[in-house]
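I am attaching a structure below and will ask some questions about it afterwards.
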Amino acid sequence: MREIPRADGLPSEPAPTAKTWTGRATNRVQWLLSAAGAAFLALGIELAVDSSWVSGFIPLLMAVVGCVTAGVLIIFGTLAFVHVAVKVDDHALEVRCGHIGLPRRRILLSHVIGAEFAPRVTPRQWGGWGYRWRPEQGMAVVVRRGEAVVLRLGDGRTFTVTVDDAAGAVRAVRDRLRLDATGV
């Protein structure tokens, strides 16, 4: 590999050997769920502003806190999995969820022993949308039904992520694994 010189005098990093692969997947249904969260939040605010409850302050406070809490949790829980961005570079596969990129998972390619294409993954197989763990299946990030990348890791676990052009991601991972195996 050739070295890239750095202007700040720090040790340089090896130049990438292949182009970075990127992909995304989006779930528009999650926007409807976050709208329901916004409705809970609005209800909580409405109850706090228009406190015409005659049954007392404690029940009103509990209703306001419950609605606001449910609304915030639903909004942030659904917006975190509206879309997923996957990047495969020379060193790792990185998965970032939602608009701020959290939760995030980075799997070093040195820990990957294989990659497979799964043509049809559904949220039902994993118990819903989001970041999932099933003892018999491993871990997954499922934002929609459809094609997915399944990585087999060196410790026997698997990691699955639904993404558009999953076959391209599988090719990118396999190409990099072959490059590492040949020592190039």
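The values are calculated or read from the model by the stated rules, or taken from the named source; none is laboratory data. Treat the numbers as computed from the prediction; the structure is a model and nothing was measured. Glycine also receives a Cβ, built like all others from the backbone with ideal geometry; neighbour counts cover every protein chain displayed. When the accessible area is computed, the model is the full protein with side chains, heavy atoms only, and any ligands, DNA or RNA have been set aside. Shrake-Rupley method; radii C 1.70, N 1.55, O 1.52, S 1.80 Å.
Considering each residue of the stretch 71-109, count those that are outside any strand (DSSP E or B) and without any contact (Cβ under 8 Å) to a residue 60 or more places away in the chain, and give that number.
So the count comes out to 17.
Just a yes or no: is a residue in the stretch 69-82 at pLDDT 90 or above, open to solvent by less than 40 Å² (accessible area, probe 1.4 Å) and within 17 Å of the chain's Cα centre (by Cα)?
No - not one qualifying residue is present in the stretch 69-82.
Follow-up. Are there any pairs, at least 6 apart or on different chains, whose C-beta atoms fall under 9 Å, with the first in the stretch 147-175 and farther than 15 Å from His111 by Cβ and the second outside any strand (DSSP E or B) and open to solvent by 70 Å² or more (accessible area, probe 1.4 Å), and if so, which?
Between residues of the stretch 147-175 that are farther than 15 Å from His111 by Cβ and residues that are outside any strand (DSSP E or B) and open to solvent by 70 Å² or more (accessible area, probe 1.4 Å), the close pairs are Glu147/Asp164; Glu147/Asp165; Thr162/Arg145; Ala172/Lys19.
Within the stretch 112-138, which residues are over 14 Å from Ala148 (Cα atoms) and aliphatic (A, V, I, L, M)?
Residues satisfying the conditions are Val112, Ile113.
One line per residue, one yes/no per condition, for (1) polar (S, T, N, Q); (2) open to solvent by less than 80 Å² (accessible area, probe 1.4 Å); (3) at pLDDT 95 or above; (4) touching a Ser or Thr at 6+ places or on another chain (Cβ under 6 Å):
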{"site": "Gly98", "(1), (2), (3), (4)": "no, yes, no, no"}
{"site": "Gly101", "(1), (2), (3), (4)": "no, yes, no, no"}
{"site": "Ala115", "(1), (2), (3), (4)": "no, yes, yes, no"}
{"site": "Gly130", "(1), (2), (3), (4)": "no, yes, no, no"}
{"site": "Pro135", "(1), (2), (3), (4)": "no, no, no, no"}
{"site": "Glu147", "(1), (2), (3), (4)": "no, yes, yes, no"}
{"site": "Leu151", "(1), (2), (3), (4)": "no, yes, yes, no"}
{"site": "Ala166", "(1), (2), (3), (4)": "no, yes, yes, no"}
{"site": "Arg176", "(1), (2), (3), (4)": "no, yes, no, no"}
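Looking for whichever is modelled with pLDDT under 80 and among the hydroxyl-bearing types (Ser, Thr, Tyr) here; the options are Ser55, Ser34. Which one fits? Spell out how you get there, then give the answer.
Details: Ser34 fails: modelled with pLDDT under 80.
Selected residue: Ser55, the only one of Ser55, Ser34 that is modelled with pLDDT under 80 and among the hydroxyl-bearing types (Ser, Thr, Tyr).
Might you check whether a residue that is among the basic types (Lys, Arg), outside any strand (DSSP E or B) and closer than 21 Å to Leu79 by Cα occurs anywhere in the stretch 150-170? Reasoning before the result, please.
Of the stretch 150-170, the ones among the basic types (Lys, Arg) are 152, 157.
Still in the list and also outside any strand (DSSP E or B): 157.
With closer than 21 Å to Leu79 by Cα added as a condition, the list becomes none.
The answer is no, given that none of the residues of the stretch 150-170 is among the basic types (Lys, Arg), outside any strand (DSSP E or B) and closer than 21 Å to Leu79 by Cα.
Can you give me the number of residues within the stretch 15-27 that are assigned to a loop (DSSP other than H, G, I, E, B) and either hydrophobic (A, V, I, L, M, F, W, C) or modelled with pLDDT under 80 (or both)? Outline the logic, then answer.
Looking only at the stretch 15-27, we keep the residues that are assigned to a loop (DSSP other than H, G, I, E, B), and these are 15-20, 27.
Subsequent filtering for residues that are either hydrophobic (A, V, I, L, M, F, W, C) or modelled with pLDDT under 80 (or both) retains 15-18.
Number of matching residues: 4.
Next question. So Ser110 passes all but one of these: (1) of a type in the set (Ser, Thr, Tyr); (2) closer than 26 Å to Gln30 by Cα; (3) out of contact with any Lys or Arg (no Cβ under 9 Å at 6 or more places or on another chain). Which condition number does it fail?
Exception for Ser110: condition (2).
Return yes when Arg106 is touching a Leu at 6+ places or on another chain (Cβ under 8 Å) and either at pLDDT below 95 or open to solvent by 70 Å² or more (accessible area, probe 1.4 Å) (or both) and no when it is not. Break it down stepwise before answering.
Values: touching a Leu at 6+ places or on another chain (Cβ under 8 Å): yes; either at pLDDT below 95 or open to solvent by 70 Å² or more (accessible area, probe 1.4 Å) (or both): yes.
Taking the combined requirement at face value, the residue satisfies it.
Anything in the stretch 110-142 that is under 18 Å from the mean Cα position of the chain (by Cα) and either free of Cβ contacts under 8 Å to residues at least 12 places away in the same chain or not in a strand (DSSP E or B) (or both)? List them, or say none.
Once the filter is applied, which keeps residues that are under 18 Å from the mean Cα position of the chain (by Cα) and either free of Cβ contacts under 8 Å to residues at least 12 places away in the same chain or not in a strand (DSSP E or B) (or both), the stretch 110-142 yields Thr122, Pro123, Arg124, Gln125, Trp126, Gly127, Gly128, Trp129, Arg132, Trp133, Arg134, Gln137.
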